[in-house]
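The values are calculated or read from the model by the stated rules, or taken from the named source; none is laboratory data. Treat the numbers as computed from the prediction; the structure is a model and nothing was measured. Quick reminder, even Gly has a Cβ in these numbers, built from the backbone with ideal geometry, and neighbours come from all protein chains shown. In case anyone asks, the SASA skips ligands and DNA or RNA and just uses the protein heavy atoms, side chains included. Shrake-Rupley method; radii C 1.70, N 1.55, O 1.52, S 1.80 Å.
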Amino acid sequence: MRAAYVTEPGAAEAIRVGELPTPVPGPSDVLVRVTAAAVNPVDAHIRAGRYPTPMPLPFVVGRDLTGVVAEAPPASGFRAGDAVWCDSLGHAGRQGACAEYAVVPVERLYRLPPGADPVEAVAALHPAATALLGLHRRVGVARGGTILVGGGAGNVGAAVVQFATQAGLRVLATARPADHGAVRDLGAEAVVDYAAPDLAQRVQALAPAGVDVHWDTSGRVTIAAAADLTATGGTVVVTAGRDPQPATSWWPLYTRDIRVVGFVLSLATVDELASAAAAINRRLAGPGIRVRIARRLPLGEAAEAHRLVEAGVRGRVVIHPV
(Lines give C-alpha, C1' and ligand atoms only; values in the text may rest on other atoms or scores of the structure.)
Protein backbone atom coordinates (compact mmCIF):
# COMPACT_ATOMS: atom_id res chain seq x y z
CA MET A 1 0.00 0.00 0.00
CA ARG A 2 1.05 3.63 -0.38
CA ALA A 3 1.63 5.55 2.84
CA ALA A 4 3.08 8.81 4.16
CA TYR A 5 5.71 7.94 6.74
CA VAL A 6 8.96 8.94 8.42
CA THR A 7 11.97 6.78 9.21
CA GLU A 8 13.05 9.09 12.04
CA PRO A 9 11.67 12.26 13.66
CA GLY A 10 12.35 15.38 11.65
CA ALA A 11 11.02 18.29 9.63
CA ALA A 12 8.08 18.04 7.25
CA GLU A 13 10.58 17.29 4.47
CA ALA A 14 11.36 14.01 6.26
CA ILE A 15 7.97 12.62 5.24
CA ARG A 16 8.25 10.02 2.52
CA VAL A 17 5.43 8.69 0.38
CA GLY A 18 5.88 5.18 -0.90
CA GLU A 19 5.05 1.52 -0.59
CA LEU A 20 4.79 -0.18 2.79
CA PRO A 21 3.33 -3.59 3.58
CA THR A 22 -0.43 -3.49 4.12
CA PRO A 23 -0.87 -3.78 7.90
CA VAL A 24 -2.18 -7.05 9.29
CA PRO A 25 -4.96 -6.63 11.86
CA GLY A 26 -4.79 -8.46 15.16
CA PRO A 27 -7.71 -10.34 16.71
CA SER A 28 -9.17 -7.13 18.18
CA ASP A 29 -8.40 -4.88 15.21
CA VAL A 30 -10.22 -3.76 12.09
CA LEU A 31 -8.54 -3.13 8.74
CA VAL A 32 -9.88 0.09 7.23
CA ARG A 33 -9.50 1.32 3.67
CA VAL A 34 -8.92 5.03 4.22
CA THR A 35 -11.15 7.53 2.43
CA ALA A 36 -9.74 10.72 3.97
CA ALA A 37 -7.29 11.72 6.70
CA ALA A 38 -6.92 15.05 8.47
CA VAL A 39 -3.68 16.75 9.51
CA ASN A 40 -3.55 18.24 13.02
CA PRO A 41 -0.91 20.38 14.73
CA VAL A 42 -0.25 17.45 17.10
CA ASP A 43 0.62 15.30 14.07
CA ALA A 44 3.41 17.72 13.22
CA HIS A 45 4.62 17.81 16.83
CA ILE A 46 4.83 14.00 16.93
CA ARG A 47 6.51 13.78 13.52
CA ALA A 48 9.12 16.34 14.60
CA GLY A 49 9.78 14.63 17.95
CA ARG A 50 8.49 17.61 19.91
CA TYR A 51 5.78 15.50 21.52
CA PRO A 52 7.52 12.30 22.63
CA THR A 53 5.50 9.13 22.11
CA PRO A 54 6.47 5.62 20.94
CA MET A 55 7.00 5.68 17.16
CA PRO A 56 7.46 2.28 15.52
CA LEU A 57 9.61 2.94 12.46
CA PRO A 58 8.79 3.40 9.67
CA PHE A 59 6.05 5.49 11.26
CA VAL A 60 2.89 6.36 9.32
CA VAL A 61 1.82 9.91 10.21
CA GLY A 62 -1.65 11.15 11.10
CA ARG A 63 -4.37 10.39 13.64
CA ASP A 64 -7.83 11.02 12.12
CA LEU A 65 -9.49 9.07 9.33
CA THR A 66 -12.75 8.21 7.70
CA GLY A 67 -12.95 5.06 5.65
CA VAL A 68 -14.60 1.75 4.85
CA VAL A 69 -14.07 -1.53 6.68
CA ALA A 70 -11.99 -3.97 4.63
CA GLU A 71 -11.66 -6.76 7.22
CA ALA A 72 -13.16 -7.17 10.69
CA PRO A 73 -13.22 -9.98 13.26
CA PRO A 74 -16.65 -11.63 13.59
CA ALA A 75 -17.25 -10.45 17.16
CA SER A 76 -16.31 -6.82 16.43
CA GLY A 77 -19.74 -5.65 15.36
CA PHE A 78 -18.27 -4.33 12.10
CA ARG A 79 -18.55 -5.85 8.65
CA ALA A 80 -16.76 -5.25 5.34
CA GLY A 81 -18.22 -2.19 3.65
CA ASP A 82 -19.21 -0.32 6.83
CA ALA A 83 -18.43 3.42 6.78
CA VAL A 84 -16.34 4.24 9.86
CA TRP A 85 -14.11 6.81 11.52
CA CYS A 86 -11.33 7.07 14.09
CA ASP A 87 -9.58 10.03 15.73
CA SER A 88 -6.85 8.43 17.85
CA LEU A 89 -4.21 6.80 15.65
CA GLY A 90 -0.57 7.89 15.32
CA HIS A 91 0.12 7.99 19.06
CA ALA A 92 1.30 5.65 21.85
CA GLY A 93 2.72 3.16 19.36
CA ARG A 94 -0.29 3.10 17.04
CA GLN A 95 0.51 3.61 13.37
CA GLY A 96 -1.12 6.58 11.69
CA ALA A 97 -3.91 7.33 9.25
CA CYS A 98 -2.18 8.76 6.17
CA ALA A 99 -2.13 5.59 4.13
CA GLU A 100 -4.36 3.57 1.84
CA TYR A 101 -5.07 1.18 4.72
CA ALA A 102 -4.92 1.49 8.50
CA VAL A 103 -5.38 -0.92 11.38
CA VAL A 104 -7.73 0.44 14.05
CA PRO A 105 -8.43 -1.19 17.42
CA VAL A 106 -12.13 -2.10 17.63
CA GLU A 107 -12.55 0.04 20.77
CA ARG A 108 -11.34 3.13 18.88
CA LEU A 109 -13.47 2.71 15.77
CA TYR A 110 -16.92 4.29 15.29
CA ARG A 111 -19.57 4.10 12.61
CA LEU A 112 -19.97 7.07 10.30
CA PRO A 113 -23.67 8.02 10.27
CA PRO A 114 -25.51 7.55 6.95
CA GLY A 115 -25.39 10.69 4.86
CA ALA A 116 -22.40 12.19 6.67
CA ASP A 117 -19.78 13.53 4.27
CA PRO A 118 -16.51 11.68 5.01
CA VAL A 119 -14.33 14.68 4.14
CA GLU A 120 -16.23 17.19 6.24
CA ALA A 121 -16.44 14.62 9.04
CA VAL A 122 -12.72 13.90 9.15
CA ALA A 123 -12.02 17.63 9.24
CA ALA A 124 -14.32 18.05 12.24
CA LEU A 125 -13.33 15.05 14.38
CA HIS A 126 -10.27 16.32 16.26
CA PRO A 127 -11.61 19.82 17.05
CA ALA A 128 -15.02 18.44 18.00
CA ALA A 129 -13.66 15.76 20.33
CA THR A 130 -11.34 18.31 21.94
CA ALA A 131 -14.23 20.71 22.51
CA LEU A 132 -16.58 18.07 23.89
CA LEU A 133 -14.15 16.44 26.29
CA GLY A 134 -12.69 19.77 27.38
CA LEU A 135 -16.11 21.16 28.18
CA HIS A 136 -17.80 18.12 29.70
CA ARG A 137 -15.02 15.94 31.12
CA ARG A 138 -12.22 18.34 32.06
CA VAL A 139 -14.20 21.43 33.07
CA GLY A 140 -17.74 20.27 33.74
CA VAL A 141 -19.74 23.14 32.27
CA ALA A 142 -22.92 24.37 33.92
CA ARG A 143 -25.84 25.64 31.84
CA GLY A 144 -26.11 29.40 32.13
CA GLY A 145 -22.42 29.97 32.79
CA THR A 146 -20.23 32.23 30.67
CA ILE A 147 -17.29 31.04 28.60
CA LEU A 148 -14.71 33.16 26.77
CA VAL A 149 -13.32 31.37 23.71
CA GLY A 150 -10.07 32.87 22.52
CA GLY A 151 -9.68 32.26 18.79
CA GLY A 152 -13.33 31.54 18.13
CA ALA A 153 -12.79 31.31 14.36
CA GLY A 154 -10.01 28.74 14.64
CA ASN A 155 -10.39 24.99 14.27
CA VAL A 156 -10.80 24.11 17.96
CA GLY A 157 -12.25 27.51 18.85
CA ALA A 158 -15.11 27.18 16.37
CA ALA A 159 -15.94 23.73 17.74
CA VAL A 160 -15.89 25.04 21.32
CA VAL A 161 -18.27 27.86 20.36
CA GLN A 162 -20.70 25.38 18.78
CA PHE A 163 -20.70 22.83 21.60
CA ALA A 164 -20.66 25.43 24.37
CA THR A 165 -23.73 27.04 22.79
CA GLN A 166 -25.40 23.64 22.57
CA ALA A 167 -24.61 23.08 26.27
CA GLY A 168 -26.48 26.25 27.21
CA LEU A 169 -23.51 28.49 28.00
CA ARG A 170 -23.33 32.17 27.27
CA VAL A 171 -20.49 32.34 24.75
CA LEU A 172 -18.12 35.27 24.30
CA ALA A 173 -15.28 34.99 21.82
CA THR A 174 -12.30 36.76 20.34
CA ALA A 175 -11.45 36.76 16.63
CA ARG A 176 -10.21 39.04 13.91
CA PRO A 177 -12.90 41.51 12.75
CA ALA A 178 -13.38 39.76 9.40
CA ASP A 179 -14.49 36.63 11.26
CA HIS A 180 -16.87 38.23 13.76
CA GLY A 181 -20.00 37.49 11.75
CA ALA A 182 -19.03 33.84 11.22
CA VAL A 183 -18.31 33.34 14.92
CA ARG A 184 -21.65 34.89 15.88
CA ASP A 185 -23.31 32.53 13.40
CA LEU A 186 -21.74 29.63 15.31
CA GLY A 187 -23.51 30.79 18.46
CA ALA A 188 -21.36 33.44 20.12
CA GLU A 189 -23.32 36.23 21.79
CA ALA A 190 -20.51 38.75 21.36
CA VAL A 191 -17.15 38.74 19.57
CA VAL A 192 -14.22 41.05 20.34
CA ASP A 193 -11.18 41.82 18.18
CA TYR A 194 -8.38 39.73 19.68
CA ALA A 195 -5.85 42.45 18.72
CA ALA A 196 -7.78 45.33 20.32
CA PRO A 197 -5.53 47.26 22.74
CA ASP A 198 -8.46 47.46 25.17
CA LEU A 199 -9.41 43.77 24.82
CA ALA A 200 -9.49 43.19 28.58
CA GLN A 201 -11.75 46.19 29.17
CA ARG A 202 -14.15 45.09 26.43
CA VAL A 203 -14.44 41.58 27.87
CA GLN A 204 -14.88 42.95 31.38
CA ALA A 205 -17.72 45.16 30.13
CA LEU A 206 -19.43 42.04 28.79
CA ALA A 207 -18.74 39.97 31.93
CA PRO A 208 -18.14 42.34 34.87
CA ALA A 209 -17.81 39.48 37.38
CA GLY A 210 -15.47 37.54 35.07
CA VAL A 211 -16.09 34.51 32.90
CA ASP A 212 -16.64 31.07 34.39
CA VAL A 213 -14.41 29.41 31.78
CA HIS A 214 -11.54 31.04 29.88
CA TRP A 215 -10.42 28.83 26.99
CA ASP A 216 -7.79 30.36 24.75
CA THR A 217 -7.23 28.08 21.76
CA SER A 218 -4.41 30.14 20.26
CA GLY A 219 -1.78 29.62 22.96
CA ARG A 220 -0.90 33.31 22.89
CA VAL A 221 -2.72 34.50 26.02
CA THR A 222 -0.69 34.50 29.24
CA ILE A 223 -1.97 32.77 32.36
CA ALA A 224 -1.89 36.12 34.15
CA ALA A 225 -4.06 37.80 31.50
CA ALA A 226 -6.48 34.86 31.50
CA ALA A 227 -6.77 34.96 35.30
CA ASP A 228 -7.63 38.66 35.20
CA LEU A 229 -10.71 37.90 33.08
CA THR A 230 -11.79 34.78 34.98
CA ALA A 231 -14.36 34.81 37.76
CA THR A 232 -13.53 33.69 41.28
CA GLY A 233 -13.87 29.93 41.29
CA GLY A 234 -13.57 29.79 37.50
CA THR A 235 -11.39 27.70 35.21
CA VAL A 236 -8.67 28.50 32.69
CA VAL A 237 -8.34 25.76 30.04
CA VAL A 238 -4.92 25.29 28.40
CA THR A 239 -4.85 23.34 25.13
CA ALA A 240 -2.20 25.22 23.13
CA GLY A 241 1.05 27.15 23.47
CA ARG A 242 4.70 26.08 23.44
CA ASP A 243 6.32 29.48 24.07
CA PRO A 244 7.59 30.27 27.58
CA GLN A 245 5.23 32.19 29.85
CA PRO A 246 6.48 35.52 31.23
CA ALA A 247 7.28 35.65 34.93
CA THR A 248 4.11 36.03 36.95
CA SER A 249 2.70 35.50 40.41
CA TRP A 250 0.44 32.63 41.50
CA TRP A 251 -1.39 35.13 43.72
CA PRO A 252 -4.48 35.76 41.54
CA LEU A 253 -4.96 32.04 41.01
CA TYR A 254 -4.91 30.74 44.56
CA THR A 255 -6.44 33.78 46.24
CA ARG A 256 -9.43 33.59 43.86
CA ASP A 257 -9.68 29.79 43.66
CA ILE A 258 -9.03 29.68 39.90
CA ARG A 259 -8.22 26.30 38.37
CA VAL A 260 -5.81 25.93 35.46
CA VAL A 261 -6.64 22.75 33.53
CA GLY A 262 -4.29 21.36 30.90
CA PHE A 263 -5.87 19.09 28.33
CA VAL A 264 -4.56 17.19 25.31
CA LEU A 265 -6.83 14.87 23.32
CA SER A 266 -4.04 12.34 22.81
CA LEU A 267 -4.31 11.29 26.47
CA ALA A 268 -8.09 10.89 26.53
CA THR A 269 -9.20 7.45 27.65
CA VAL A 270 -11.03 5.00 25.42
CA ASP A 271 -14.21 5.60 27.43
CA GLU A 272 -13.86 9.37 27.05
CA LEU A 273 -13.31 9.07 23.32
CA ALA A 274 -16.36 6.81 23.01
CA SER A 275 -18.54 9.33 24.83
CA ALA A 276 -17.28 12.10 22.54
CA ALA A 277 -17.86 9.88 19.50
CA ALA A 278 -21.50 9.37 20.46
CA ALA A 279 -22.04 13.13 20.72
CA ILE A 280 -20.15 13.76 17.48
CA ASN A 281 -22.25 11.17 15.65
CA ARG A 282 -25.46 12.78 16.87
CA ARG A 283 -24.29 16.06 15.32
CA LEU A 284 -23.05 14.39 12.12
CA ALA A 285 -26.41 12.65 11.74
CA GLY A 286 -28.29 15.87 12.44
CA PRO A 287 -27.25 19.49 11.97
CA GLY A 288 -23.61 18.62 11.30
CA ILE A 289 -20.48 20.31 12.65
CA ARG A 290 -19.43 23.46 10.88
CA VAL A 291 -15.78 23.34 9.91
CA ARG A 292 -13.56 25.28 7.52
CA ILE A 293 -11.55 23.15 5.09
CA ALA A 294 -8.54 25.07 3.79
CA ARG A 295 -6.94 22.49 1.49
CA ARG A 296 -7.58 19.01 0.11
CA LEU A 297 -4.39 17.31 -0.99
CA PRO A 298 -3.42 13.91 -2.42
CA LEU A 299 -1.31 11.55 -0.31
CA GLY A 300 1.77 12.47 -2.33
CA GLU A 301 1.61 16.00 -0.87
CA ALA A 302 1.60 14.93 2.79
CA ALA A 303 4.78 16.93 3.48
CA GLU A 304 3.12 20.05 2.07
CA ALA A 305 0.10 19.38 4.28
CA HIS A 306 2.36 19.35 7.34
CA ARG A 307 4.10 22.54 6.20
CA LEU A 308 0.75 24.28 5.83
CA VAL A 309 -0.36 23.26 9.31
CA GLU A 310 2.93 24.35 10.87
CA ALA A 311 2.64 27.68 9.07
CA GLY A 312 -0.74 28.27 10.72
CA VAL A 313 -3.06 27.77 7.76
CA ARG A 314 -6.58 28.99 8.51
CA GLY A 315 -8.80 25.95 8.36
CA ARG A 316 -8.34 22.21 8.14
CA VAL A 317 -6.10 20.28 5.77
CA VAL A 318 -7.42 16.95 4.48
CA ILE A 319 -5.45 14.26 2.67
CA HIS A 320 -7.01 11.82 0.17
CA PRO A 321 -4.99 8.57 0.10
CA VAL A 322 -6.73 7.32 -3.07
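Spin-label model, Leu206/Thr165: points 7 Å from Cα along the beta carbon direction are separated by 1.3 nm. Modelled this way, with points 7 Å down the Cα-to-C-beta line, the labels at Asp228 and Arg314 are 2.7 nm from one another.
Surface listing: Arg184, Arg50 arranged by accessible area from highest to lowest gives Arg184, Arg50, probe 1.4 Å. Remark: relative contact order (segment 192-319) = 16 percent; criterion is Cα-Cα distance under 8 angstrom and separation of 6 or more residues. When you restrict to C-alpha pairs under 8 Å that are six or more residues apart and normalise by the size of segment 9-109, the relative contact order lands at 35 percent.
With semi-axes defined as the square roots of five times the eigenvalues of the C-alpha gyration tensor, the equivalent ellipsoid of segment 1-106 measures 24, 13, 12 Å, largest first. For segment 198-214, backbone nitrogen atoms closer than 15 Å to the point 7 Å from Gln245 Cα along Cα-to-C-beta are found at 214. So what's the projected area for segment 256-320, the Cα convex hull averaged over all directions, in nm²? Result: a mean projected hull area of 7.5 nm².
The residues of the chain expose on average 43 square angstrom of accessible surface per residue, using a 1.4 Å probe on protein heavy atoms. Taking the helices alone, the chain has a mean residue ellipticity at 222 nm of -8000 deg cm²/dmol, built from -39,500 (n - 2.57) per DSSP H run of at least 4 residues and averaged over all its residues. Normalising the average separation of contacting C-alpha pairs (under 8 angstrom, six or more residues apart) by the number of residues puts the relative contact order of segment 166-264 at 20 percent. Here, segment 135-193 has an Rg and a Dmax of 10.4, 32 Å when only alpha carbons are counted.
With all protein chains present, how much of the accessible area of the chain (probe radius 1.4 Å) comes from carbon and sulfur, to the nearest whole percent? Of all accessible area on the chain, carbon and sulfur atoms account for 53 percent. Each of Ala278, Ala225, Gln245 was placed along the dipole of segment 223-298 (beta-carbon charges, centred on the mean Cα), and the one lying farthest toward the positive end is Ala278. Divide the volume of the convex hull around the Cα atoms of the chain by the residue count and you get 129 Å³ per residue. Taking all protein chains together and a 1.4 Å probe, the residues Glu13, Glu71 rank Glu13, Glu71 from largest to smallest accessible area. Listed by number, the DSSP H helices of the chain that run 20 Å or longer by alpha-carbon position along their axis and have mean Kyte hydropathy of at least 0.0 are 118-133, 270-285.
The base-10 log of I(q)/I(0) for segment 86-142, evaluated at q = 0.13, 0.24, 0.27, 0.29 Å⁻¹, reads -0.43, -1.13, -1.21, -1.24 [Debye formula, identical scatterers on Cα atoms, solvent excluded]. For the chain, give me the percentage of DSSP beta bridges that are antiparallel, rounded to the nearest 5 percent. Here the antiparallel bridges make up roughly 50 percent for the chain.
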